[in-house]
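Asks: What follows is a structure written as structure tokens; I'll ask about it next.
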Amino acid sequence: GAVVSQHPSWVICKSGTSVKIECRSLDFQATTMFWYRQFPKQSLMLMATSNEGSKATYEQGVEKDKFLINHASLTLSTLTVTSAHPEDSSFYICSASDGRGYEQYFGPGTRLTVT
Amino acid sequence: ELKVEQNPLFLSMQEGKNYTIYCNYSTTSDRLYWYRQDPGKSLESLFVLLSNGAVKQEGRLMASLDTKARLSTLHITAAVHDLSATYFCAVDIGGGADGLTFGKGTHLIIQP
């Protein structure tokens, strides 16, 4: 149990375009979902926290207008990178919590390359 | 601001040896996580430590937590090549409502 999927697993897009990444909890209801970004050979950095039906809370330094997060249901959160630039190229990982325990369940990640 | 420091950041060791990775954090927390990451992959949960004095073991890995010292350790016993990976500790200070703050990771290479 407690499986989180992400789609797509990798994506290449051109500079200036937008790309949407989906994060789904497959067998539980995720009251909270988190989005992390990981640059090569670096650690994970929390970008934002989203609760179902609420606006996302962004970490300091993360542009909310550039990284649009929607948590429309208890099983789906989306991250849209708008007007992507090469510096947005990164590994994006989501995690989900069912709000009842202490575990965060991590998705397999999405590798974004902006050319 | 919560800071999580791991050391060492890089470790190369021989099979069969023992070693310990340290994780210090700056703010009171009673949730400490250890993850493994293989190249190009996401995180694999290893341990969740929830209270002072907690000790958990799985195979050749053992993790412990001292909340008073704000220190967790990940001990590797008789290392094998398959344990080569990057290991992260992470701290939760929001009781599950906030995301995790990660250490920089320890890149572990175990040579046959």
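Asks: Across the protein assembly as shown, how large is the tail of the calculated P(r) beyond 28 Å, expressed as a percent of all Cα pairs? Can you show the working numbers first?
Replies: Numbers: 7935 of 25651 pairs.
Tail of P(r) above 28 Å: 31 percent of Cα pairs.
Asks: Something else about it: Say we join alpha carbon atoms closer than 10 Å with springs in a Gaussian network model of chain B; which of B:Ala63, B:Ala90, B:Ala78 then has the biggest fluctuation?
Replies: It is B:Ala78.
Asks: Convert each backbone phi in the range B:4-20 into a coupling constant with the Karplus relation 6.51 cos²θ - 1.76 cosθ + 1.60 (shift: θ = phi - 60°), then list the ³J(HN,Hα) values in order as whole Hz, x for Gly and Pro.
Replies: My calculation for the range B:4-20 gives 10, 10, 10, 8, x, 8, 9, 9, 10, 9, 8, 4, x, 8, 10, 7, 10 Hz in order.
Asks: Quick one: with all protein chains in place, what share of the accessible area of the range A:60-99 is carbon or sulfur, to the nearest percent (1.4 Å probe)? It would help to have the intermediate numbers written out before the result.
Replies: Numbers: 830 of 1680 Å².
Answer for the range A:60-99 is 49 percent, counting heavy atoms of protein chains only.
Asks: Over the heavy atoms of A:Glu22, what accessible area does a 1.4 Å probe trace out, to the nearest 10 Å²?
Replies: 50 Å²
Asks: While we're on this one: Give the accessible surface of the protein assembly as shown per residue, rounded to a whole number of Å², with probe radius 1.4 Å and ligands, DNA and RNA excluded.
Replies: Heavy-atom SASA per residue in the protein assembly as shown reads 50 Å².
Asks: How many square angstrom of accessible surface are buried between A and B, both sides summed, with a 1.4 Å probe and rounding to 100?
Replies: 1400 Å²
Asks: Inside 10 Å of the C-beta atoms of B:97-108, what's the mean count of C-beta atoms belonging to other chains?
Replies: 5
Asks: Only Cα pairs under 8 Å and at least 6 apart count here; give the relative contact order of chain A as a rounded whole percent.
Replies: Worked out over chain A, it gives 37 percent.
Asks: Additional query: Could you compute how much accessible surface B:Phe47 exposes when probed at 1.4 Å, giving the result in Å² to the nearest 10?
Replies: 10 Å²
Asks: Amide H of B:Ser84 versus every other amide H placed in the peptide plane: which residues, excluding those fewer than 5 positions away on the same chain, fall under 5 Å?
Replies: Those qualifying (amide H under 5 Å, at least 5 residues apart or on another chain) are B:Ile110.
Asks: Ok, one more. Please list B:Ser45, A:Ser18 from largest to smallest accessible area, probe radius 1.4 Å, with all protein chains kept in place. Before the final figure, lay out the partial values.
Replies: Details: B:Ser45 55, A:Ser18 75 Å².
Greatest to least solvent exposure: A:Ser18, B:Ser45.
Asks: How long, wide and thick is chain B, going by the Cα atoms along their three principal axes, in whole angstroms, largest first?
Replies: The Cα atoms of chain B stretch 41, 30, 20 Å along their principal axes.
Asks: May I pose another question? Apply the a/c threshold of 1.5 to the C-alpha gyration tensor of the range A:59-103 and tell me whether it is rounded, prolate or oblate.
Replies: Details: a/c = 2.32, a/b = 1.93, b/c = 1.20.
It is prolate, given that a/c is not under 1.5 and a/b is the larger ratio.
Asks: Past 23 Å, Cα to Cα, is the threshold; run A:Lys20/A:Lys66; A:Lys66/B:Lys104; A:Lys14/A:Lys66 against it and keep the listed order.
Replies: Listed pairs above 23 Å: A:Lys66/B:Lys104.
Asks: Leaving out ligands, DNA and RNA but keeping every protein chain, what accessible area does B:Ser26 have, in Å² rounded to the nearest 10, with a 1.4 Å probe?
Replies: 50 Å²
Asks: Sticking with this structure for a sec: Report, in cubic angstrom per residue, the convex hull volume of the C-alpha atoms of chain A.
Replies: Spread over its residues, the Cα hull of chain A gives 96 Å³ apiece.
Asks: In whole Hz and in residue order, list the ³J(HN,Hα) couplings for the range A:107-115 that follow from phi through the Karplus curve 6.51 cos²θ - 1.76 cosθ + 1.60, θ = phi - 60°; x for Gly and Pro.
Replies: x, x, x, 10, 8, 9, 10, 10, 9
Asks: Suppose accessible area is computed on protein heavy atoms with a 1.4 Å probe; arrange B:Arg60, B:Arg31 from highest to lowest.
Replies: B:Arg60, B:Arg31
The values are calculated or read from the model by the stated rules, or taken from the named source; none is laboratory data. The structure displayed is predicted, hence computed values, not measured ones. For neighbour counting, all protein chains shown are included, and Cβ atoms are generated from backbone atoms with ideal geometry for every residue, glycine included. Ligands, DNA and RNA are excluded from the accessible area calculation, which covers all protein heavy atoms including side chains. Shrake-Rupley method; radii C 1.70, N 1.55, O 1.52, S 1.80 Å.
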